[in-house]
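Data first, discussion second: the structure below is written as structure tokens.
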Amino acid sequence: MRLELGEILISDVQFGDVCKVENGILYVSKEEISALVLEDEHIKSVEIDLAKPGEEVRITPVKDVIQPRVKVEGKGGIFPGVISEVETVGEGRTHVLQGAAVVTCGKIVGFQEGIIDMTGPGAEYTPFSKLNNVVMVIEPVEGLKQHDYERAARMAGLKTAAFLGELARDLTPDKIDVYETKPLFEQANEYPDLPKVGYVYMLQTQGLLHDTYVYGVDAKKIVPTVLYPTEIMDGAILSGNCVSACDKNTTYHHLNNPIIKSLYAQHGKEINFMGVIITNENVYLADKHRSSNWTAKFTKYLGLDGAIVSQEGFGNPDTDLIMNCKKIEAEGVKTVIVTDEYAGRDGSSQSLADADPAANAVVTGGNANQLIVLPPMKKVIGMLDYTDKIAGGFAGSLRPDGSIEAEIQVITGATNELGFNKLTAQTF
Amino acid sequence: MSKFKVVHYINQFFAGIGGEEKADIKPELREGVVGPGMALQGALGEDVEIVATIICGDSYFNENLEEAQKEVLAMVEKHNPDLFIAGPAFNAGRYGTACGTIAKAVQNNLGIKSVTAMYIENPGVDMYRKDLFIVETGNSAAAMRKAVPAIAKLALKLINNETIGGPSEEGYIERGVRVNYFADKIGAERAVDMLVKKLKGEEFKTEYPMPVFDNVEPGKAIVDLSKAKIALVTSGGIVPKGNPDKIESSSASKYGKYDIDGVMDLTEATYETAHGGYDPVYANEDSDRVLPVDVLRDLEKEGAIGELHRYFYTTTGNGTSVKNSRAFADEFAQELLADGVDAVILTST
């Protein structure tokens, strides 16, 4: 599959009468977006606001971040199986509003939403402080249970991102990157002297609001399978989960998976990038065994010499990560695993819930328990009343002056396990 | 400006009093520098003064731990220094443990920053590396010339409240504390670089060396369940409605102990979960789903178990560090034993 990814660079976002993109500025019509979101009978109201880099703005409780994209050539449409019909994507051309994002907010669970600060120390920890964000605070109708609220908020975000992405259809990209992975034997023969490398992509599927969707299928219900890397760039994998903000993969992270990009950067130079094996993180032991057996089987079946394994979440999925690593290494395939740490606020506890000597090459996104003080912001989009209860907060986290003392766990994307950030940790 | 004050601790040997035959001498306080303190004073410079030196025999210290600590602490307190330096102890085992013990006590009891120095294989290292800055030295007093400037460098940073960098940069022995920092490259690029090196058989450095895990041996089976007192303990966050002790939804710093005397069933009106790691709807509707009080009451009535213990213990397992968890259990396991509990049902989520 060969995909051209055309980026339209967005340098600003403003309100306008109609949604449009002109000279790198994204104009957003509140009326158009509201009408789209309120089509859903589960949603009582939506408040639309804008947040730009450097502004004294705090966005919270953040559920998901989504990049507007549109498919302009090739089969299918963006977010297949959910927004577009269920067609196999990953070929042709896709346009991206680079520098813009849709941010969905709502007190869905209360514990598991995050904070994005657009300036100050918190902004250093989240990649979304660098984007021009269209923020939607979504209120459910009375009595709606959390999982229905989650679905409504998820769909509202995806619909809006697809709607804004559509604005890029006829624009001329500022930059075009080409990504290509060939059918297995062809790909193996293209660089016969380079080590064959794959990517084992673990998806959060602990259930009860910890879900990820693949072509519309709840990934709890899949067995591991193989994807072309470019399918993911067209929205084959979508976030539907409410886990700790710091290490959940938002839809934006999936669309821009940096491991896939970094593997492509070395494709044909140091490695031969063969493809992606997706797997899940189910809570039942039999599922963990089956899925890790299958990822290991696939690495062998695809003739890989090496694989990068990435995790989502922490605690229970640490066991899936270690099982995958151990079994893949046992097949003679060399691994690097990407995770993050919960080493306690003083950093002196062990970082993962599981360990194995086979995991001798680890990349970490840092210790999520590290404390940070987020100074008060002039404007809050969303609400703060849940702050003490958020995962990573504690009684007294929200101070009277509006500042927040909490673990970096509360910051959306802070310790991302796809290696999205520069943050890491070392032993002192 | 007055000078920063340092109190220095050494043993009988380095004080020039004698070797093994003098190892039983009691703590003694002398004004100014003694033995290696002279070189240390030189390296610390003019803004810092070693105001006193405490000398103690290694045998005396280790054989009279409590008494010796009390005496030395009183001497340190008298001078109220800005920093306490013990050693260097090189590879002298009893001297090393004495340095570590007293430096930790000064730090914890008096709130005065402390530093010590030893050889990596000194038993004092494993005992105190987590608590203290231990400057790494050679294995004998011949390494004094190198040890002194290394201690002085770290000491000055501590005195001046400067940020202390990593172990290799500052010369101390790794303490096992994870510290965040921003690297030059994003994690994904670091991962690909690491994999390329691993595939080529080149040297690479993992960012997180795997720890060795404890194994807990399962308890012995209960012979007669109908006479057993069973307790419920959970990391599922079940608490009385309103979470009276404000147990955190994640990274818990505490646990709760709650009386369920006469409670036959956990209802939506009386109990809920504080846990931030799962959809709380079903646990809030009926907390017995996580902490099965109702079923245990049935079993109690049927005579299948002796009795349900009148207290349950609870915390949230979500992101809570192993160190905290271990500390909670160390505490309440003693209470469970004292209360004659025969077995615990530990529920998680």
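The values are calculated or read from the model by the stated rules, or taken from the named source; none is laboratory data. The structure presented is a predicted model; accordingly, all values stated were derived computationally and were not measured. Every residue, glycine as well, gets a Cβ built from its backbone with ideal geometry; the counts of neighbours run over all protein chains shown. Heavy atoms of the whole protein, side chains included, go into the accessibility calculation; ligands, DNA and RNA do not. Shrake-Rupley method; radii C 1.70, N 1.55, O 1.52, S 1.80 Å.
Residues of segment A:397-428 being charged (D, E, K, R), more than 7 Å from chain B (Cβ to nearest Cβ) and crowded, with 24+ Cβ neighbours inside 10 Å, which ones? Give the derivation first.
Initially, segment A:397-428 is screened for residues charged (D, E, K, R), giving A:399, A:401, A:405, A:407, A:417, A:422.
Going one step further and asking which of them are more than 7 Å from chain B (Cβ to nearest Cβ), we end up with A:399, A:401, A:405, A:417.
Correct list: A:GLU417 only.
Say whether the condition of being part of a strand (DSSP E or B) and either open to solvent by 30 Å² or more (accessible area, probe 1.4 Å) or in contact with a His (Cβ under 7 Å, 6 or more places away or on another chain) (or both) is met by at least one residue in segment A:150-161. Even if it seems obvious, please write down each step before you answer.
In the first step, residues of segment A:150-161 are kept if they are part of a strand (DSSP E or B); the result is none.
Within segment A:150-161, none of the residues are part of a strand (DSSP E or B) and either open to solvent by 30 Å² or more (accessible area, probe 1.4 Å) or in contact with a His (Cβ under 7 Å, 6 or more places away or on another chain) (or both).
Looking only at helices (runs of 4 or more DSSP H) that lie completely in segment B:264-349, which have at least 2 residues being more than 25 Å from the chain's Cα centre (by Cα)? Working first, answer last.
On the way: elements: B:281-285, B:293-302, B:322-338.
Where helices (runs of 4 or more DSSP H) fall fully within segment B:264-349 and carry at least 2 residues being more than 25 Å from the chain's Cα centre (by Cα), they are B:281-285, B:293-302.
Say whether the condition of being of a type in the set (Lys, Arg) and either modelled with pLDDT under 95 or in contact with a Ser or Thr (Cβ under 6 Å, 6 or more places away or on another chain) (or both) is met by at least one residue in segment B:100-112. If you could, list the steps in order and put the result at the bottom.
Initial filter on segment B:100-112 (of a type in the set (Lys, Arg)): B:104.
Those still in the list that are either modelled with pLDDT under 95 or in contact with a Ser or Thr (Cβ under 6 Å, 6 or more places away or on another chain) (or both) too: none.
Among the residues of segment B:100-112, not one is of a type in the set (Lys, Arg) and either modelled with pLDDT under 95 or in contact with a Ser or Thr (Cβ under 6 Å, 6 or more places away or on another chain) (or both), which makes the answer no.
On the basis of being open to solvent by less than 10 Å² (accessible area, probe 1.4 Å) and within 24 Å of the chain's Cα centre (by Cα), does B:ALA147 make the cut?
Numbers: open to solvent by less than 10 Å² (accessible area, probe 1.4 Å): yes; within 24 Å of the chain's Cα centre (by Cα): no.
Judged against the criteria, B:ALA147 is not a match.
So which helices (runs of 4 or more DSSP H) stay within segment A:180-274 end to end and still have 3 or more residues that are of a type outside the set (Asp, Glu) and open to solvent by less than 10 Å² (accessible area, probe 1.4 Å)?
Working: elements: A:184-190, A:229-233, A:251-255, A:258-266.
Helices (runs of 4 or more DSSP H) meeting the threshold: A:229-233, A:251-255, A:258-266.
Quick grid of which residues meet (1) more than 17 Å from B:ALA188 (Cβ to Cβ); (2) of a type outside the set (S, T, N, Q); (3) in contact with a strand residue (DSSP E or B) (Cβ under 9 Å, 6 or more places away or on another chain):
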site: A:GLY332; (1), (2), (3): yes, yes, no
site: A:SER348; (1), (2), (3): yes, no, yes
site: A:VAL363; (1), (2), (3): no, yes, yes
site: A:ILE372; (1), (2), (3): yes, yes, yes
site: A:LYS378; (1), (2), (3): yes, yes, yes
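Out of the residues in segment B:292-338 meeting the condition of being small (Gly, Ala, Ser) and out of contact with any helix residue (DSSP H, G or I) (no Cβ under 7 Å at 6 or more places or on another chain), tell me which one is nearest to B:PRO211 (Cα to Cα). Can you show your working first?
First, pick out the residues of segment B:292-338 that are small (Gly, Ala, Ser): B:303-304, B:306, B:317, B:319, B:321, B:325, B:327, B:329, B:333, B:338.
So of that shortlist, the ones also out of contact with any helix residue (DSSP H, G or I) (no Cβ under 7 Å at 6 or more places or on another chain) come out as B:317, B:321, B:325, B:327, B:329, B:333, B:338.
On the way: B:GLY317: 20, B:SER321: 14, B:SER325: 17, B:ALA327: 19, B:ALA329: 21, B:ALA333: 25, B:ALA338: 33 Å.
Step by step, filter segment B:292-338, then rank; the result is B:SER321.
What residue, of B:ASN91, B:ASN161, is open to solvent by less than 70 Å² (accessible area, probe 1.4 Å), of a type outside the set (Gly, Ala, Ser) and either within 19 Å of B:GLU49 (Cα to Cα) or touching a residue at least 40 places away in the same chain (Cβ under 8 Å) (or both)?
On the way: B:ASN161 fails: open to solvent by less than 70 Å² (accessible area, probe 1.4 Å).
Only one candidate qualifies: B:ASN91.
Going by what's in this entry, would A:LYS379 be described as farther than 30 Å from B:ARG175 by Cβ, surrounded by fewer than 24 Cβ atoms within 10 Å (Cβ to Cβ), within 14 Å of chain B (Cβ to nearest Cβ) and of a type outside the set (Ser, Thr, Tyr)? Can you show your working first?
Working: farther than 30 Å from B:ARG175 by Cβ: yes; surrounded by fewer than 24 Cβ atoms within 10 Å (Cβ to Cβ): yes; within 14 Å of chain B (Cβ to nearest Cβ): no; of a type outside the set (Ser, Thr, Tyr): yes.
No: the conditions fail for A:LYS379.
Hey, can you tell me all the residues within segment A:296-320 that are in contact with a strand residue (DSSP E or B) (Cβ under 6 Å, 6 or more places away or on another chain), among the hydrophobic types (A, V, I, L, M, F, W, C) and within 12 Å of another protein chain (Cβ to nearest Cβ)?
A:LEU304, A:ALA307, A:ILE308, A:VAL309 - these are the residues of segment A:296-320 that are in contact with a strand residue (DSSP E or B) (Cβ under 6 Å, 6 or more places away or on another chain), among the hydrophobic types (A, V, I, L, M, F, W, C) and within 12 Å of another protein chain (Cβ to nearest Cβ).
Within segment A:1-104, which strands (runs of 3 or more DSSP E) (wholly inside it) include 3 or more residues that are surrounded by 20 or more Cβ atoms within 10 Å (Cβ to Cβ)? Spell out how you get there, then give the answer.
On the way: elements: A:2-9, A:12-15, A:20-22, A:25-28, A:43-51, A:57-66, A:69-73, A:92-98.
Ranges flagged: A:2-9, A:43-51, A:57-66, A:69-73, A:92-98.
Limited to segment B:242-263, what total is found for residues that are over 29 Å from A:ALA368 (Cβ atoms) and either in a loop (DSSP other than H, G, I, E, B) or not assigned by TED's automatic domain parsing to the domain that holds B:ILE230 (or both)?
Of the residues in segment B:242-263, 4 are over 29 Å from A:ALA368 (Cβ atoms) and either in a loop (DSSP other than H, G, I, E, B) or not assigned by TED's automatic domain parsing to the domain that holds B:ILE230 (or both).
Go over the candidates B:ASP245, B:ASP294 one by one and state the one that is open to solvent by less than 60 Å² (accessible area, probe 1.4 Å) and of a type in the set (D, E, K, R).
On the way: B:ASP245 fails: open to solvent by less than 60 Å² (accessible area, probe 1.4 Å).
None of the other options fit; the residue is B:ASP294.
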